[in-house]
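First comes the structure, then the notes that go with it.
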Amino acid sequence: MSTARRDEILLHAAQLFCERGVAGTTVRDIADAVGILSGSLYHYFGSKDAIALEIVVTFLDDLNERYEATTDPALSARERLSQMVAQSFAAAADHPFATEIYQNEGWLSAQPAESRIATSVARAHDFWRSAIGLGVAEGELRDDIDPEHFHRMIRESVWSTVRLSRPTLRESAEQLRHELITVFLDGFASPGAARPAAGPRRPVAPVAADVGSADRAVAGADAGADDLAELRRDLRELKDAVRALQRGREG
């Protein structure tokens, strides 16, 4: 079985799934894009769903390998988070469309806990939690910000940025990494600006197993209505800030 042909099928299918959805794409569509007969495609994959699963799992496996490389104990929390953002962008550039397919296809994010997708997503989340926890424990990150809220916000901003910047992601990745890390770890206020007093810490429900989609993560949480509304506002503001930074750079 040709590995090159298999990879070609995955690439063309990923683009079609991203544009039309899995349900809106036929096996014939994929075969035509690759330049093979529909029947020949079944020599490589058993179904459209199997192709979609392979696209997402391959991306997640690569992403986790890249995250594993950031766990050098000599790195500070800031350095580790910065490298994780950079590796996220690099993985997304090497696997175009995978994150959007995962976000758009609810059945992919609703796989059983023991499935390859669910376990890979959980592992990716653990890398973020570990880096953030290290920073809080060593006093590098503030302890008055709930680390689970921070985990959601920075992760969601990374994958929203991937979606917004996909056409130029490879070229703009370094600048986008700098902007995200600066906003999240230094803030957008000028160095001399007065900071508001820190508020009380509140417990937060465990984050949903998801690479993206803040709406799904928030909907799955058991926090009260006020916490959910506040988190949605925070996420919208952060995404607006990232978009504004990107527009300013392009203007």
Sorted by chain and number, the residues with a modelled amide H under 5 Å from that of residue 76, at a separation of 5 or more or across chains, are none
Output for segment 1-103: chymotrypsin sites (Phe, Trp or Tyr not before Pro) sitting in coil per DSSP, at most 14 other Cβ within 10 Å, listed by number, reads 42
Toy charge model, Lys and Arg Cβ at +1, Asp and Glu Cβ at -1: segment 1-69 dipole around Cα centroid in debye, rounded to 20, equals 280
To the nearest Å², the heavy-atom accessible area per residue of segment 49-186 with 1.4 Å probe amounts to 41
Stokes-Einstein, Kirkwood over Cα pairs, segment 1-40, 10 °C, 1.306 mPa s; D in µm²/s equals 157
Contact order relative to length for segment 49-186, counting C-alpha pairs under 8 Å separated by 6 or more residues, stands in percent at 33
Expressed per residue, the solvent accessible area of segment 1-46 in Å² (1.4 Å probe) is about 55
Expressed in nanometres to one decimal, the distance between label points 7 Å along Cα→Cβ at residue 175 and residue 8 is 3.6
In segment 1-46 the accessible area split gives carbon plus sulfur, as whole percent at 1.4 Å, a share of 50
GluC sites (Glu not before Pro) in segment 55-154 lying in a DSSP loop, each with at most 16 other Cβ atoms within 10 Å of its Cβ, come to 114, 138, 140
Distance in Å, no decimals, from the C-alpha centre of segment 77-156 to the one of segment 18-45 is 31
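The values are calculated or read from the model by the stated rules, or taken from the named source; none is laboratory data. Please read these numbers as outputs of a predicted model, since none were measured by experiment. Backbone-built Cβ (ideal geometry, glycine too); neighbour counts: all protein chains shown. All accessible areas refer to the heavy atoms of the entire protein, side chains included, with ligands and DNA or RNA removed. Shrake-Rupley method; radii C 1.70, N 1.55, O 1.52, S 1.80 Å.
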